[in-house]
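Take a look at the structure below.
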Amino acid sequence: MITCSLRHILPLSFAVLLASGSVLAGEPSRPECIAPSKPGGGFDLTCKLAQAGFKDEGLLKSPMRVTYMPGGIGAVAYNSIAANRRAEPGTLVAFSGASLLNLALGKYGRFDETAVKWLATVGNDYGTLAVREDSPYKNLDDVVQALKKDPKSIVVGGGGSVGGQGWVKIALLARAAGVDPRELRYAAFEGGAEHYMALMGGHVDLVTGSASEIRAQQGNKIRTLAVFSEERLGGDLASIPTAREQGYEIQWPLIRGYFLGPDVKEQDVAWWHAQFDKLNASKDFQTYLADRDVLPDYVTGPKLEQLVKAQVQEYRKLGEEFGLVE
């Protein structure tokens, strides 16, 4: 019988690591990023940021695949990971401020913000309002005056149902105009680019979206009335005025990030953290983000958990104000 221990044949430091269970995991097989929507839109963008970044920086040996799991603006994907796919080390799921808003409003069923492991954010996107090029609405004041005259005169399209982040963006403008948001005519879409298709088809008059989506729609004849950021964005979107410039103190940042299943081992979480650290340190990746109108904002670990909890609490208060939660 062979009785010698690993300590006799392995370097001492490695043996100690094995004994403590603190060895970093290796790359997971078949890495995947789930976009909880149809192709197109913010969740898809978030997954493709990771997919392209890890590939360009050589941080994954196996290419990351992007899969789509639409339903409930993230609810189907969140419930799938929290209930059935709890321990898959290679499965990342994209999330945004919309995900946190839905969690705050209880739209993810029995699961709350503690049901998954929040991994990392890479940046912030910002809310927008857009119309067709031939629209009579040239700025936010035009929209506000129309809403004051008749809140139902404008059909607004956006991702998610009433109470979702698409609706909240127009609700904030309605509130600033002294209009009851519950009087708005809102057409709900699952996500992706559906609301922009509805806009181009004349089915809605205005859409709420995000700055990163606007870039993807540049081939269509649309005009963006405002971006809900503190200051104007750069690049191709520098000509879009903020709501603040137009006299409306409305800001709506959208986190772009990723979470893992709740039972993923800490060694695997640590491995992903190390890869995201390297990705965040890449100047090329920072340029890649900026080129897609995502402002770099890297948060991970305990700070991200605190950020998520604080954001959910803030959204819950907003939901109470709009009568969306009890």
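Brief remarks on what is shown
- Reachable lysines, given that their alpha-carbon falls under 22 Å from the alpha-carbon of K61 and they are not under 8 places away in the same chain: K48, K265, K278, K283
- Share of carbon and sulfur in the accessible heavy-atom surface of region 126-246 [1.4 Å probe, %]: 45
- Computed over the chain, the per-residue total of -39500 (n - 2.57) for DSSP H runs of n ≥ 4 gives a 222 nm mean residue ellipticity of -11000 deg cm²/dmol, rounded to 500.
- Under-5 Å amide H pairs with V227, H placed in peptide plane, nonlocal only: T242, A243
- Heavy-atom accessible area order for Y108, Y288, largest first, 1.4 Å probe: Y288, Y108
- Per residue value of the accessible surface for the chain (all protein chains in place, 1.4 Å probe), Å²: 46
- Potential extension, K61-S282 segment - 0.36 nm per residue separation minus Cα distance: 77.8 nm
- Between region 278-326 and region 112-186, the alpha-carbon center distance in angstrom: 19
- Length gained on full extension, Q145 to E27, computed as 0.36 nm times the residue gap minus the Cα-Cα distance: 36.9 nm.
- Antiparallel content of DSSP bridges confined to the chain, in %, to 5: 60
- A cut-off of 5 Å between modelled amide H atoms, ignoring neighbours fewer than 5 places along the same chain, links A120 with Y258.
- Phi angles of region 234-241 translate, via the Karplus equation with coefficients 6.51, -1.76, 1.60 and θ = phi - 60°, into HN-Hα couplings of x, x, 5, 9, 5, 7, 7, x Hz per residue; Gly and Pro are given as x.
- Kirkwood Rh, angstrom, region 126-246 [1 / mean 1/r, Cα pairs]: 14.1
- Once the chain from R175 to A87 is taken as fully extended at 0.36 nm per residue, the excess over their C-alpha distance is 27.4 nm.
- Between helix 266-280 and the chain there is an angle of about 60 degrees, using the helix long axis and the longest principal axis of the Cα atoms.
The values are calculated or read from the model by the stated rules, or taken from the named source; none is laboratory data. None of the values given here were measured: they were computed from a predicted structure. When the accessible area is computed, the model is the full protein with side chains, heavy atoms only, and any ligands, DNA or RNA have been set aside. Shrake-Rupley method; radii C 1.70, N 1.55, O 1.52, S 1.80 Å.
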